[in-house]
Amino acid sequence: DLPLYTAYISRAYERTQYVRKLLEEGAIGDELIKVSYKLIGSGGARDMDRELPWRFDTKQSGGGLIMDVGCHVLDRIDYLCGPLVNVKGGAMNKNSANIQVEDFVQLTANIGEGNWTAISHNNGATVECTWDFASDEVPLDELNFFGSKGFIKMSAMSFGPVELYDTHGNLVQKQNFEPPEHTAQNLIQAVTNDLLGTRKEDFLSKGSNAIRASKTLDAVLDSYYGGRELGYWSRTNWPGSPKAM
């Protein structure tokens, strides 16, 4: 059989592995209660100065920035905590009349069972995520993991510190990380090692986790596009687009 590797590179970042270690060591307790994420801004998306960046061309990207930026956050939650189940949410175009894709996405979910997770008691923990790509508010990129004995705060799409807090909100520990010289280096090296049979990492990204992320995105974007079946990108007047409203 030929292995299928997918490019969810953020699970291999040093800071992601540091958070996994904290979770495994019980830094926030042995029970995960809630995961929250909020992004205000573009999430560091590049090449946005073109007339129609490919990230806004549904035929190329599958949707708006959520397809390029949000998918990595969803995969990181999946990798650290478990699969997202009972996914609910929606999308809209709040502030971007010049494009037809969504610029605002919200979702809620629960954490399901998985044998790859970093924290033992996580089944049923809640998940709340918001992406506000076109807001004029102060940019924000904050991913939180709340446990029975504290919480972890980290940036998801930018390279900020990882902070550990107790249940009273007091900072217990702070660890800074430098951006990697080559963003995908850790994952590419892990894939190379796996193919050579020299070392196997638990953060390898395969087809199974990529499918879970895609299904989650389809669930929250379905009503905006009037379905996510093959060829939806070629339809005009999606129910959520500005021209259809």
- Message: For residue 115, only one of the following conditions fails: (1) assigned to a strand (DSSP E or B); (2) free of Cβ contacts under 8 Å to residues at least 12 places away in the same chain. What is its number?
- Response: (1)
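Does residue 61 satisfy being under 30 Å from residue 234 (Cβ atoms), within 19 Å of the chain's Cα centre (by Cα) and of a type in the set (Ser, Thr, Tyr)? Steps first, please.
On the way: under 30 Å from residue 234 (Cβ atoms): yes; within 19 Å of the chain's Cα centre (by Cα): yes; of a type in the set (Ser, Thr, Tyr): yes.
Against the criterion (under 30 Å from residue 234 (Cβ atoms), within 19 Å of the chain's Cα centre (by Cα) and of a type in the set (Ser, Thr, Tyr)), residue 61 qualifies.
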- Query: Which of (1) over 20 Å from residue 73 (Cα atoms); (2) among the polar types (S, T, N, Q); (3) open to solvent by less than 70 Å² (accessible area, probe 1.4 Å) is the odd one out, the single condition residue 234 does not satisfy?
  - Reply: (3)
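Being in contact with a strand residue (DSSP E or B) (Cβ under 6 Å, 6 or more places away or on another chain) and among the aliphatic types (A, V, I, L, M): is that true of residue 101 here? Don't jump to the end; show me each part of the working.
Numbers: in contact with a strand residue (DSSP E or B) (Cβ under 6 Å, 6 or more places away or on another chain): no; among the aliphatic types (A, V, I, L, M): yes.
No; evaluated as a whole, the condition is false for this residue.
Given the residues 135, 148, which is the only one that is open to solvent by less than 60 Å² (accessible area, probe 1.4 Å), more than 18 Å from the chain's Cα centre (by Cα) and closer than 30 Å to residue 94 by Cβ? Give the steps one after another, and end with the answer.
Working: 148 fails: closer than 30 Å to residue 94 by Cβ.
Within the list 135, 148, the selection yields 135.
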- Query: Hey, residue 22 hits all of (1) open to solvent by 50 Å² or more (accessible area, probe 1.4 Å); (2) within 17 Å of residue 202 (Cα to Cα) but one; which does it fall short on?
  - Reply: (1)
- For region 170-184, pairs from a residue that is closer than 20 Å to residue 152 by Cβ to a residue that is of a type in the set (D, E, K, R) and open to solvent by 70 Å² or more (accessible area, probe 1.4 Å), with Cβ under 7 Å and 6 or more apart or across chains, are 177/14
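Just to be sure I understand, how many residues within region 119-132 are open to solvent by less than 60 Å² (accessible area, probe 1.4 Å) and at pLDDT 95 or above?
Residues meeting the conditions: 7.
I'd like the residue in region 211-245 that is of a type in the set (Lys, Arg) and either in a helix (DSSP H, G or I) or within 29 Å of residue 3 (Cβ to Cβ) (or both) and, out of all such residues, is modelled with the lowest pLDDT. Don't jump to the end; show me each part of the working.
Of all residues in region 211-245, those of a type in the set (Lys, Arg) come to 212, 215, 228, 235, 243.
Checking which are either in a helix (DSSP H, G or I) or within 29 Å of residue 3 (Cβ to Cβ) (or both) leaves us with 212, 215, 228, 243.
On the way: 212: 98, 215: 97, 228: 96, 243: 76.
Among residues in region 211-245 that are of a type in the set (Lys, Arg) and either in a helix (DSSP H, G or I) or within 29 Å of residue 3 (Cβ to Cβ) (or both), the one modelled with the lowest pLDDT is 243.
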- Which one is modelled with the highest pLDDT among residues in region 39-84 that are of a type in the set (Lys, Arg) and crowded, with 21+ Cβ neighbours inside 10 Å? 76
- Query: In this structure, does residue 116 turn out to be of a type in the set (Phe, Trp, Tyr), surrounded by fewer than 18 Cβ atoms within 10 Å (Cβ to Cβ) and closer than 24 Å to residue 183 by Cβ?
  - Reply: yes
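From 148, 208, 234, 223, which residue is in contact with a helix residue (DSSP H, G or I) (Cβ under 8 Å, 6 or more places away or on another chain), of a type in the set (Ser, Thr, Tyr) and either in contact (Cβ under 8 Å) with a residue 12 or more places away in the chain or closer than 26 Å to residue 106 by Cβ (or both)?
Numbers: 148 fails: in contact with a helix residue (DSSP H, G or I) (Cβ under 8 Å, 6 or more places away or on another chain); 208 fails: in contact with a helix residue (DSSP H, G or I) (Cβ under 8 Å, 6 or more places away or on another chain); 223 fails: in contact with a helix residue (DSSP H, G or I) (Cβ under 8 Å, 6 or more places away or on another chain).
The match here is 234.
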- Message: Name the residue that is modelled with the highest pLDDT, counting only residues in region 170-205 that are loosely packed, with under 14 Cβ neighbours inside 10 Å and among the charged types (D, E, K, R).
- Response: 174
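The values are calculated or read from the model by the stated rules, or taken from the named source; none is laboratory data. For clarity, every value in this text was computed on a predicted model and none was experimentally measured. Neighbour counts run over all protein chains shown; Cβ positions are idealised from the backbone, glycine included. These accessible areas exclude ligands, DNA and RNA; they are computed on the full protein's heavy atoms, side chains included. Shrake-Rupley method; radii C 1.70, N 1.55, O 1.52, S 1.80 Å.
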